[in-house]
Amino acid sequence: PADLVQDLLKKYPTKVARKRAKQIMVKEAEGASTPEMGANVRTIPGIITMRGCTYAGCKGVILGPTRDIVNITHGPIGCGFYSWLTRRNQTHTETDADENFMPYAFSTDMNENDIVFGGEKKLKQAIKEAYELFHPKAIAIFSTCPVGLIGDDVHAVAREMKEELGINVFGFSCEGYKGVSQSAGHHIANNQIFKHVVGTKEEIKVGEFKINLLGEYNIGGDGFEIDRIMDKCGITVVSTFSGNSTYDQFATSHTADLNTVMCHRSINYVAEMMESKYGIPWIKVNFIGAEATAKSLRKIAQYFDSPKLTERVEAVIAEEMPEVRQVMDDVRSRTEGKTAMLFVGGSRAHHYQELFNEIGMRTISAGYEFAHRDDYEGRHVIPDIKIDADSRNIEELEVEPCTKDYNPRKTDEELKKLDEEGFKFKEYAGMIPDMENKSLVIDDLNQYEAEKLIEIMKPDIFCAGIKEKYSVQKLGIPLKQLHNYDIGGPYAGFKGAVNFYHDIDRMVNSKVWSYLKAPWQEKPELSATYVWE
Ligand code: CFM
Ligand code: HCA
């Protein structure tokens, strides 16, 4: 693998190679100390990155899947269009009378005139128009690059409109260039939702075991499958941030007794702030993979420490697993030993390794587009992460315990008991510890390196997004989109695992890929063989 890294870097100018080397790592043997992973730094100009922008992370990712807030993009129409349901997050209203604005793309459609004379008037007009047409509970404004460049004050407009219309109106300074990737957009989104919405309404959903599901965005219906399982277990999901969510779910989320975090990268901020302000502890969970789902359910049951819940969770697992095992074993007979590469976002490159393991497939290389060091190495490295100018750009909220609603959910004795049982709060071990020895970890992979990696390591499947899909498939390697799932999904929970096994089986065992010739197959001088030890 060390030679492989040299191979990947040798075409680069020296300075570029030196920078990229910090973001490429060979997983060392178990127990050996993990070197620092370079992450959350600017992409080198000229490199074709897989990343997206801060606006995409705020508007598209975090607020995109929520249905009854009118989300207005203040900017050119392309930004609004790009972030409009392109991630295939689904939603179901509870009754026909409930609002669902997700099929709409609201935008101020900024043009040259607005850039020269300012866009605030147009923004006010758009907010009024949206209000008159839809009478929503809330309106959110999202800033695109030109907004920050010309200095439109979206927050002043929001305050004025809130006063005038009597509904909640708030803005996001999530200009595309604000951070080094979409990750900055998550943080900006989390801050504003926390400041303007969380804790603003009294309890609506009651139940004995109440949780929030943080960092689950209902791509391909994943959230529906998790809700089905929770329902069966008798666990009440007060709010989901933000798959299939509503304004009232966010507003009442402080009434849950446990925060469970799926995508650590995008939402650990909300989990932390809710703990400080309301005393709600958080745990990391993962519902990608049948075994991981069972483990996460057991962890939730352990937290609530109720024999009734534990019994029910065990009964659900016992009921769901036989079908999963049957398909797992059957598919495994055809997928065992095949290899995968995963280069996705800030959490799925890790989570999906579980599903591949379940059908005997090995992840030989993986990486995130925009995760931070803690997502690679584990949360224990957070105190050592250098805060650079790009991160300092993003507001860090000071959060105090709420005088009205702060309520530690567990007594000291209860915490001690959990601790003795080995129960860990606020823990995320990161992707690298779960990876096989000698696998290759690469942050912010780019087009050039992707092609090179495929040429050398020839995986049986490559997982990434739409920008990578066709260039990879032209190399004769099937590409599974793990952002929008192509047309598949859900992949979460028990039923999702079954769907995934079937889809991967079809892809890695299809003959069609062998008919495609990659450039190095036509010109053997481009060929190389990678030997896995
Ligand atoms: Fe979290 Fe996500 Fe992801 Fe993400 Fe994303 Fe996404 Fe993703 Mo695309 S919040 S980090 S910014 S799990 S949109 S639903 S699929 S890159 S791995
Ligand atoms: C985003 C959204 C995205 C893009 C996916 C892709 C998503 O980053 O703005 O490149 O295919 O999941 O839709 O991550």
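Given the options Ile24, Ile72, name the one that is aliphatic (A, V, I, L, M), within 27 Å of the chain's Cα centre (by Cα) and open to solvent by 10 Å² or more (accessible area, probe 1.4 Å). Can you show your working first?
Details: Ile72 fails: open to solvent by 10 Å² or more (accessible area, probe 1.4 Å).
Just a single option satisfies the conditions, and that option is Ile24.
Please count how many residues of region 226-254 are in a loop (DSSP other than H, G, I, E, B) and closer than 15 Å to Thr293 by Cβ.
Residues of region 226-254 in a loop (DSSP other than H, G, I, E, B): 234-235, 243-244, 246.
Subset that is closer than 15 Å to Thr293 by Cβ: 235.
Residues that pass the stated criteria total 1.
Residues of region 383-415 being touching a strand residue (DSSP E or B) at 6+ places or on another chain (Cβ under 8 Å) and modelled with pLDDT under 95, which ones? Break it down into steps so the answer makes sense when it comes.
Pass one, region 383-415, residues touching a strand residue (DSSP E or B) at 6+ places or on another chain (Cβ under 8 Å): 409.
If the condition is that a residue be touching a strand residue (DSSP E or B) at 6+ places or on another chain (Cβ under 8 Å) and modelled with pLDDT under 95, then no residue fits.
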Tell me, please, whether a residue that is open to solvent by 20 Å² or more (accessible area, probe 1.4 Å), polar (S, T, N, Q) and over 23 Å from the mean Cα position of the chain (by Cα) can be found in region 461-481. yes
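Condition check: part of a loop (DSSP other than H, G, I, E, B) and open to solvent by 10 Å² or more (accessible area, probe 1.4 Å). Does Val198 satisfy that? So that I can check it myself, show each step before the final result.
Values: part of a loop (DSSP other than H, G, I, E, B): yes; open to solvent by 10 Å² or more (accessible area, probe 1.4 Å): no.
No.
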What strands (runs of 3 or more DSSP E) completely inside region 255-352 contain at least 1 residues that are in contact (Cβ under 8 Å) with a residue 12 or more places away in the chain and open to solvent by 10 Å² or more (accessible area, probe 1.4 Å)? 282-284, 339-343
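Please tell me if Tyr104 is closer than 28 Å to Arg348 by Cβ, more than 22 Å from the chain's Cα centre (by Cα) and open to solvent by 50 Å² or more (accessible area, probe 1.4 Å).
Spelling it out, Tyr104 is indeed closer than 28 Å to Arg348 by Cβ, more than 22 Å from the chain's Cα centre (by Cα) and open to solvent by 50 Å² or more (accessible area, probe 1.4 Å).
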Within region 44-51, does at least one residue satisfy the condition of being of a type outside the set (Lys, Arg) and either assigned to a helix (DSSP H, G or I) or surrounded by 22 or more Cβ atoms within 10 Å (Cβ to Cβ) (or both)? yes
Cβ-Cβ below 8 Å, separation at least six or inter-chain, first residue in region 128-151 and within 15 Å of Phe170 (Cα to Cα), second among the charged types (D, E, K, R) and open to solvent by 40 Å² or more (accessible area, probe 1.4 Å): which pairs? Pro136/Glu99; Lys137/Glu99
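Filter region 144-189 down to the residues that are within 16 Å of ligand 2 (Cβ to nearest atom) and charged (D, E, K, R) and list them by number. Working first, answer last.
Step one: list which residues in region 144-189 are within 16 Å of ligand 2 (Cβ to nearest atom), which gives 144-145, 172, 174-189.
Hits for region 144-189 are Glu175, Lys178.
How many residues does region 370-406 contain that are closer than 18 Å to Asp257 by Cα and in contact with a helix residue (DSSP H, G or I) (Cβ under 7 Å, 6 or more places away or on another chain)? Give the derivation first.
Looking only at region 370-406, we keep the residues that are closer than 18 Å to Asp257 by Cα, and these are 401-406.
Checking the rest, the ones that are also in contact with a helix residue (DSSP H, G or I) (Cβ under 7 Å, 6 or more places away or on another chain) come to 401-402, 405-406.
Looking only at that region, the number is 4.
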Could you say whether any residue in region 374-392 is within 16 Å of ligand 2 (Cβ to nearest atom) and either in contact (Cβ under 8 Å) with a residue 40 or more places away in the chain or aliphatic (A, V, I, L, M) (or both)? yes
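Identify all residues within region 299-334 that are hydroxyl-bearing (Ser, Thr, Tyr) and farther than 23 Å from Ile211 by Cα; write none if there are none. Give the derivation first.
As a first pass, look at region 299-334 and keep what is hydroxyl-bearing (Ser, Thr, Tyr): 303, 306, 310, 333.
The answer is Ser333, and nothing else.
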Name the pairs whose Cβ atoms lie under 6 Å apart, with the first residue in region 38-64 and more than 9 Å from ligand 1 (Cβ to nearest atom), the second at pLDDT below 95 and open to solvent by less than 20 Å² (accessible area, probe 1.4 Å), and 6 or more positions between them or separate chains? Lys59/Ser83
Result of the Cβ filter at 7 Å on region 427-443, keeping first residues that are farther than 21 Å from Gly360 by Cβ and partners that are among the polar types (S, T, N, Q) and at pLDDT below 95, at least 6 apart or interchain, is Ile432/Thr34
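Can you find a residue that is under 15 Å from Ser245 (Cα atoms), in a helix (DSSP H, G or I), small (Gly, Ala, Ser) and out of contact with any His (no Cβ under 9 Å at 6 or more places or on another chain) anywhere in region 59-74? Break it down stepwise before answering.
Of region 59-74, the ones under 15 Å from Ser245 (Cα atoms) are 59-71.
Cutting the leftovers down to in a helix (DSSP H, G or I) gives us 59-62.
With the extra rule that they be small (Gly, Ala, Ser), the set shrinks to 60.
Then drop every residue that is not out of contact with any His (no Cβ under 9 Å at 6 or more places or on another chain), which leaves 60.
Yes.
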In the set Thr91, Thr86, which member is open to solvent by less than 60 Å² (accessible area, probe 1.4 Å), touching a Gly at 6+ places or on another chain (Cβ under 9 Å), in contact (Cβ under 8 Å) with a residue 24 or more places away in the chain and not in a strand (DSSP E or B)? Thr91
Return the residues of region 205-235 that are touching a Lys or Arg at 6+ places or on another chain (Cβ under 6 Å) and surrounded by fewer than 21 Cβ atoms within 10 Å (Cβ to Cβ); say none if nothing qualifies. Cys233, Gly234
Please state which of the following conditions Ala366 fails to meet, knowing it meets all the rest: (1) among the aliphatic types (A, V, I, L, M); (2) within 16 Å of ligand 1 (Cβ to nearest atom); (3) out of contact with any strand residue (DSSP E or B) (no Cβ under 6 Å at 6 or more places or on another chain); (4) closer than 18 Å to Asp443 by Cβ. (3)
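Return yes or no: is Gln125 within 16 Å of ligand 2 (Cβ to nearest atom) and of a type outside the set (A, V, I, L, M, F, W, C)?
Details: within 16 Å of ligand 2 (Cβ to nearest atom): no; of a type outside the set (A, V, I, L, M, F, W, C): yes.
So Gln125 does not fit the description; no.
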Against the conditions (1) in contact (Cβ under 8 Å) with a residue 12 or more places away in the chain; (2) open to solvent by 10 Å² or more (accessible area, probe 1.4 Å); (3) away from ligand 1 (no atom under 14 Å from the Cβ), where does Gly78 fall short? Just the number, please. (1)
Quick count over region 430-475, residues being hydrophobic (A, V, I, L, M, F, W, C), modelled with pLDDT under 95 and touching an Asp or Glu at 6+ places or on another chain (Cβ under 9 Å), is 2
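The values are calculated or read from the model by the stated rules, or taken from the named source; none is laboratory data. Everything numeric in this text was worked out from a predicted model, so none of it was measured. Methodologically, a virtual Cβ is constructed for each residue, glycine included, from the backbone with ideal geometry; neighbour enumeration extends over all protein chains shown. Note: areas computed on protein heavy atoms with side chains; ligands, DNA, RNA excluded. Shrake-Rupley method; radii C 1.70, N 1.55, O 1.52, S 1.80 Å.
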